[in-house]
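S.K.: Before I ask anything, let me first share the structure, which is written out below as structure tokens.
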């Protein structure tokens, strides 16, 4: 069983214990919390919905409802959410920047529209009462109820009444509007014009807020009319200019007259509300939250549940600790042995869980440390071997000169000087390699034409190639730009050319070629020298490795040039590889990231 599965089972056991300990607590608190919420909702519901409705009515939109809801929630202590059919407008928990708590499923619908003026409603009721005494009217009402839903009786619609020039200074009676539907139409027009006026006054900084001062016709208070006279005129003008809107809603309101009169009292307020909804705020739903549990009521059930949870956690933790301690102790002991220098120490791996993976990772780390130590020892041995030969030569000749066995001669001093130079080159290359592998080799990259640099390097090595009887040519037909350190790339190309000259017999040919593909610049050095086998190619970049040690020693190579070359190229984000065939020659290819044209 995996360690992850064991953890899952433990958590499952703990969760089951916790659920059992808290189930009774949850059940006992649920009914109490429901009762508390119902009492709070009944106490404050009317206050909250009335204030929200008044805000929507006087503003004609819900911008700024956040402040109202935040204040109501602060005063009542209730979680309040207001939403439309399409989105949540505000939530008091979000306003407090806290996690949103649950809400009750029931809600209260708020229609933010003014009510029909009482006088108009009275006239409509009077007409309905008169029509109810007419037997024909009752039959017509019954016939209307049996028609398909939404069907309106046909009949002529009276002409749209002429509204007064000043919507906010007259009543329906003074404006000559004697029928209830005409008076209701005036009220709708006043509401829309008032909304336009207060928004205009707020934008022009004439009014402190974009809200009407009254919820009854004409909706603007005398101070608002005085402060925003031009905006009131703008509201009237906008209403009068919208003939499509006026005709549409007059037809809907006037249609109530041609319906059975026993329905007139219900039809007129409905159509007025529909007309006002076309210019005012949309209806909203008000939800009340489930509230926060009172910590003080937990008492004994909470203590019992917590004790059971702690007991289960203690048992599970003890079991896990027992299972984990054994491999952890083994890892600790192995780590101490590794630190003491015992590099062949390993831990036993069992299973396929995370602890087994940790043991395998430790073994891999120990293996890597052991290999690194062995590489370091080999490097010391290689360095000692490389320096021993020239130093032995120097010592032998110097002792011979001191004993008089060897006669001083210019040729002897030239040989001693060559051995000294070889030793210096080995030390210089070792220093370069140490800096490169430690990441301390300094680079100064800049835009560089690789073709131009190759041409310069070929010119510098052409004399050495001619002395060796070789033909050195370059194929660089176009400029190819890279971002690199010119000195380091020149060092790379110098190492490759020196190797090519060293391993190519007289009469051979060395070709330097510069080209590119869509992403990389390509620099290749091809010779017709002795070549290498596949096994030799695989080791050509190793430190102190030589394909022909005798020939290499005769020409003074250190065996580190290609190792340094690979490190420089890789530090530039490129790669270098070699291909070769015995007796046919070798090709070394360097790829560097090319600059985009």
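The values are calculated or read from the model by the stated rules, or taken from the named source; none is laboratory data. Please read all numbers here as calculations on a predicted model, not as lab measurements. Here the Cβ positions follow ideal geometry from the backbone for every residue, glycine too, while neighbour counts run over all protein chains shown.
S.K.: When you go through (1) at pLDDT 85 or above; (2) outside any helix (DSSP H, G or I); (3) within 12 Å of residue 286 (Cβ to Cβ) one by one for residue 61, which number turns out not to apply?
M.R.: (3)
Okay, residues lined up against (1) at pLDDT below 85; (2) surrounded by 19 or more Cβ atoms within 10 Å (Cβ to Cβ):
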position: 206; (1), (2): no, no
position: 235; (1), (2): no, yes
position: 243; (1), (2): no, no
position: 253; (1), (2): yes, yes
position: 267; (1), (2): yes, yes
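S.K.: Does residue 513 count as farther than 14 Å from residue 462 by Cα and touching a helix residue (DSSP H, G or I) at 6+ places or on another chain (Cβ under 6 Å)?
M.R.: no
S.K.: If a residue has to be under 20 Å from residue 574 (Cβ atoms) and part of a strand (DSSP E or B) to count, how many in the stretch 437-473 make the cut?
M.R.: Final tally of qualifying residues: 4.
S.K.: What number of residues in the stretch 572-586 are in contact with a helix residue (DSSP H, G or I) (Cβ under 7 Å, 6 or more places away or on another chain) and either assigned to a helix (DSSP H, G or I) or crowded, with 16+ Cβ neighbours inside 10 Å (or both)?
M.R.: The number of residues fulfilling the criteria is 3.
S.K.: If I filter the stretch 141-159 for residues that are touching a helix residue (DSSP H, G or I) at 6+ places or on another chain (Cβ under 8 Å), modelled with pLDDT of 85 or more and farther than 20 Å from residue 249 by Cα, do I get at least one hit?
M.R.: no
S.K.: Right, here's the next one. For residues that are touching a residue at least 60 places away in the same chain (Cβ under 8 Å) and outside any helix (DSSP H, G or I), scanning just the stretch 474-496, find the one that is surrounded by the most Cβ atoms within 10 Å (Cβ to Cβ).
M.R.: 484
S.K.: Being in a helix (DSSP H, G or I) and at negative phi narrows it down to one residue among 218, 223, 208; which is it?
M.R.: Testing whether each residue is in a helix (DSSP H, G or I) and at negative phi leaves just 223.
So that you can scan it fast, the table gives a plain yes or no per residue for (1) in a helix (DSSP H, G or I); (2) more than 52 Å from the chain's Cα centre (by Cα); (3) assigned by TED's automatic domain parsing to the domain that holds residue 272:
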site	(1), (2), (3)
178	no, yes, yes
201	yes, no, yes
213	no, no, yes
254	yes, yes, yes
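S.K.: Kindly indicate the residue of the stretch 337-348 that is surrounded by 11 or more Cβ atoms within 10 Å (Cβ to Cβ) and either in a helix (DSSP H, G or I) or touching a strand residue (DSSP E or B) at 6+ places or on another chain (Cβ under 8 Å) (or both) and also modelled with the lowest pLDDT among those meeting that condition.
M.R.: If we take residues in the stretch 337-348 being surrounded by 11 or more Cβ atoms within 10 Å (Cβ to Cβ) and either in a helix (DSSP H, G or I) or touching a strand residue (DSSP E or B) at 6+ places or on another chain (Cβ under 8 Å) (or both), then 338 is modelled with the lowest pLDDT.
S.K.: For the stretch 168-178, enumerate the residues that are crowded, with 17+ Cβ neighbours inside 10 Å and either closer than 16 Å to residue 122 by Cα or at pLDDT below 80 (or both).
M.R.: 170, 172, 175, 177
S.K.: Checking residue 515 against (1) at pLDDT 90 or above; (2) buried (at least 17 other Cβ atoms within 10 Å of the Cβ), only one condition comes out false. Which one?
M.R.: Every condition holds for residue 515 apart from (2).
S.K.: Is it the case that residue 470 is modelled with pLDDT under 90, touching a strand residue (DSSP E or B) at 6+ places or on another chain (Cβ under 8 Å) and in the same structural domain as residue 571 (by TED's automatic domain parsing)?
M.R.: It is false that residue 470 is modelled with pLDDT under 90, touching a strand residue (DSSP E or B) at 6+ places or on another chain (Cβ under 8 Å) and in the same structural domain as residue 571 (by TED's automatic domain parsing).
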